[in-house]
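Have a look at the structure below, then the notes.
The values are calculated or read from the model by the stated rules, or taken from the named source; none is laboratory data. Keep in mind that what you see is a predicted model, and the values were worked out from it rather than measured. Virtual Cβ from ideal backbone geometry, glycine too; neighbours counted across all protein chains shown.
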Number of protein chains: 2
Amino acid sequence: MQKGRASIAFAHPPLICGAASVAGSKEGEGPLGNLFDIVEQDDKLGKKNWEEAESELQKKAAELAIKKAGLTRGDIRYLFAGDLLGQLIATSFGLMELEIPLFGLYGACSTMGEAMALGAMAVDAGYSDRCLSLASSHFATAEKQFRFPLAYGNQRPYSSTWTATGCGAVVLESSRGMGNPGTIGEKEKPGAAESAKQNVKGKVLAKISGITTGKIVDFGLKDSMNMGAAMAPAAFHTIWQNFEDFEWDEKAFDRIITGDLGKVGQTILWDFMARKDHDLSQVHMDCGIELYDSKTQDTHAGGSGCGCSAIVLSSYILPNIQAGIWKRVLFVPTGALLSTVSYNEGQSVPGIAHGVILEHVEDEEFARGVKALGD
Amino acid sequence: MQKGRASIAFAHPPLICGAASVAGSKEGEGPLGNLFDIVEQDDKLGKKNWEEAESELQKKAAELAIKKAGLTRGDIRYLFAGDLLGQLIATSFGLMELEIPLFGLYGACSTMGEAMALGAMAVDAGYSDRCLSLASSHFATAEKQFRFPLAYGNQRPYSSTWTATGCGAVVLESSRGMGNPGTIGEKEKPGAAESAKQNVKGKVLAKISGITTGKIVDFGLKDSMNMGAAMAPAAFHTIWQNFEDFEWDEKAFDRIITGDLGKVGQTILWDFMARKDHDLSQVHMDCGIELYDSKTQDTHAGGSGCGCSAIVLSSYILPNIQAGIWKRVLFVPTGALLSTVSYNEGQSVPGIAHGVILEHVEDEEFARGVKALGD
């Protein structure tokens, strides 16, 4: 259902029934290290080059998420996926073997939000019973794509962030078969709703009850080493738009979690929100700040890359929602829209942010049907 | 509604209510030259560099498509858009001023099919009353991104294609308000259905009655100068999957129109289809072959680039469908998934193809409601 200017509230909130995180060695040494499903000790994953390594991260995360959802690849109807590299080559070579229809996406580091939004739209509408949304990044492929050769050992300003090596993947499953109004097909089979409920109970991590899709926001910043500042206006815009569209505010959420603003971007976001009389200081968290220990890991402002928010989601955010510690979270991956061509041509660095509303699924919903927002 | 393995038949087929094509000078000199809405005489469009020129193509095409649909930018809820450049910079800088929520897409030269598929899903499901799908390419930005500096004047093999300079954009509008079953919201207002019908009659070019989403197909070809051969297996797979999913064959279509296989790819596609006992020779057309006169324009195997199929669609295919000359068309933009990094690392060039079923809207449908496939 359309909500306001840019949001959707799902009538049949898609369920996240499996999530996997595959992380690099540095990420494994950080504060969330023991939460990841797999921590690779060799950041090349035994491959010939960094790009193949990133593809391997995707393949492992996709296969593990499907396995954890108790499914096989044949159960997944559509893939929604992307990465940071030119022409999405990590995705093209990472997901080929799955042989599943693919929608390739580019939203810079906001890609996980975009992939979950489109996946949830497809599942809620009944186009797909199950789909897989994922995003990856790799420190070494990103440095090669955007900055300097690793061996050059360039110095980084304190505003810079560290591109995370990792891939996060989630399996979205329809809640239509679980006694919800509007059930398609399944309603004719006696016991189908009951069997669907039993099938997903225990593996449901969260439901996606709505989304807020971001637009391109450009405040004219040109420093590609300060992406937190470049993305903060986009994060602000999407969060504020979410508040407007759903007619609520920060008090509606246990956490509002941005993708990779880092410390510099966080300060700017809080300032922008304060000007609109919203206080984010009690509810805001940033995946880039959580992923590393900046004091000991030399990551400066924090982590970044599509993989940053994707692995923090799979390993840390979703389990907290499943446990009911957080009842409702606004997950807002943030992307900086630049390429070496654009910044060498003197362009600014616009941002984009895609919001996804994640909610805890109460036990009673397995009996009575998954509730939509406002039910 | 899900159809078979990878297809959807829309219950409320979205209507294409506006289409625009902005083409470069060489495209303007080709066989379709007088069909384009705008032919740019200066391929730099008065901008400082080629990338800004491509962004300007997008901006012009988007604004013109919206205008031709009798709308303003505020009427468009979501954008689905992409281009060939690393990190989609033509799109980021081309669509920023529209200030419309954006889903950035990368499907190489199949992007127009991907953008129309996702746009149609959003409109059919009722998430969006109207959205805009577009894709662009520019000869000079693509040469810089993928090949050699223009001034180098490199020779090209006969299997190579010429990246089209152009942007095609279409406005998709919901048919839910037009007396269709399942009308949301509008049904409560007396006369709303009648007014919706009158509003779109005359500007409806076609309806999108279904889609078939492609998977990545790799036959191991490594020649980046023969993209037609690299993409032909993907085109074959999507067309064949469409036949399987809808339980029909080439006789169901007046035209099956691929994106940019060119002459080499076309031969391969026909051969593959013949092995499955399908004869495409009477119904197949390729946008890349139609766009240029290869004898006089030095374009070798044909045209390519996301913009190739997008401008041929807007200028030539849709008007033929609107006029009823073609009643049903399978539009299959095709993409080659490669980057300079992937082919310099010795990777193959996989392909992907996204199918969109376009149908003529009969006069009686404006009175009785837009028919879905099989109605």
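Pairs linking a residue in segment B:252-264 that is more than 10 Å from B:G228 (Cβ to Cβ) and in contact (Cβ under 8 Å) with a residue 60 or more places away in the chain to a residue that is crowded, with 24+ Cβ neighbours inside 10 Å and of a type in the set (K, R), with Cβ atoms under 6 Å and 6 or more positions apart or on different chains, do not occur.
If you go through segment B:47-101 and keep only what is facing chain A (nearest Cβ under 7 Å), touching a residue at least 60 places away in the same chain (Cβ under 8 Å) and charged (D, E, K, R), you end up with just B:E51. Considering only residues in segment A:54-112 that are among the small types (G, A, S) and closer than 20 Å to B:H237 by Cα, the one that is surrounded by the most Cβ atoms within 10 Å (Cβ to Cβ) turns out to be A:S92.
In segment A:348-370, what residues are at the interface with chain B (Cβ under 10 Å from one of its Cβ atoms) and surrounded by fewer than 23 Cβ atoms within 10 Å (Cβ to Cβ)? Within segment A:348-370, A:S348 is the sole residue that qualifies.
Taken over segment B:328-369, residues that are closer than 26 Å to B:S314 by Cβ, modelled with pLDDT of 95 or more and either assigned to a helix (DSSP H, G or I) or β-branched (V, I, T) (or both) amount to 7. Each residue in segment A:1-29 was checked for being under 30 Å from A:T299 (Cβ atoms) and not in a strand (DSSP E or B), and 6 of them qualify.
Can you confirm whether segment A:128-137 contains a residue that is under 25 Å from A:T213 (Cα atoms) and either part of a loop (DSSP other than H, G, I, E, B) or at the interface with chain B (Cβ under 9 Å from one of its Cβ atoms) (or both)? Reasoning before the result, please.
Residues of segment A:128-137 under 25 Å from A:T213 (Cα atoms): A:128-137.
Next, only the ones that are either part of a loop (DSSP other than H, G, I, E, B) or at the interface with chain B (Cβ under 9 Å from one of its Cβ atoms) (or both) stay: A:128-129.
Yes, segment A:128-137 contains at least one residue that is under 25 Å from A:T213 (Cα atoms) and either part of a loop (DSSP other than H, G, I, E, B) or at the interface with chain B (Cβ under 9 Å from one of its Cβ atoms) (or both).
Which residues, taken from segment A:36-86, are under 23 Å from A:S304 (Cα atoms), touching a Cys at 6+ places or on another chain (Cβ under 8 Å) and part of a loop (DSSP other than H, G, I, E, B)? A:D83, A:L84, listed by residue number.
Filtered by the rule that a residue be within 14 Å of A:A336 (Cβ to Cβ) and outside any loop (DSSP other than H, G, I, E, B), segment A:94-112 gives A:G107, A:C109, A:T111.
Can you pull out the residues in segment A:316-345 that are away from chain B (no Cβ under 14 Å), under 28 Å from A:K60 (Cβ atoms) and either crowded, with 24+ Cβ neighbours inside 10 Å or of a type outside the set (G, A, S) (or both)?
So in segment A:316-345, the residues away from chain B (no Cβ under 14 Å) come out as A:316-331.
Among the residues that remain, those that are also under 28 Å from A:K60 (Cβ atoms) are: A:316-323, A:325-326, A:329, A:331.
Residues satisfying the conditions are A:Y316, A:I317, A:L318, A:P319, A:N320, A:I321, A:Q322, A:I325, A:W326, A:V329, A:F331.
Look at (1) out of contact with any Leu (no Cβ under 8 Å at 6 or more places or on another chain); (2) more than 14 Å from chain A (Cβ to nearest Cβ); (3) farther than 15 Å from B:A108 by Cα and you find that B:S309 fails only one, number (3).
Criterion first (out of contact with any strand residue (DSSP E or B) (no Cβ under 6 Å at 6 or more places or on another chain) and hydrophobic (A, V, I, L, M, F, W, C)) does B:L172 satisfy it? Outline the logic, then answer.
Working: out of contact with any strand residue (DSSP E or B) (no Cβ under 6 Å at 6 or more places or on another chain): no; hydrophobic (A, V, I, L, M, F, W, C): yes.
For B:L172, the condition - out of contact with any strand residue (DSSP E or B) (no Cβ under 6 Å at 6 or more places or on another chain) and hydrophobic (A, V, I, L, M, F, W, C) - is not met.
Looking only at residues of segment A:260-282 that are under 21 Å from the mean Cα position of the chain (by Cα) and surrounded by 19 or more Cβ atoms within 10 Å (Cβ to Cβ), we find that the one that is nearest to A:A135 (Cα to Cα) is A:D260.
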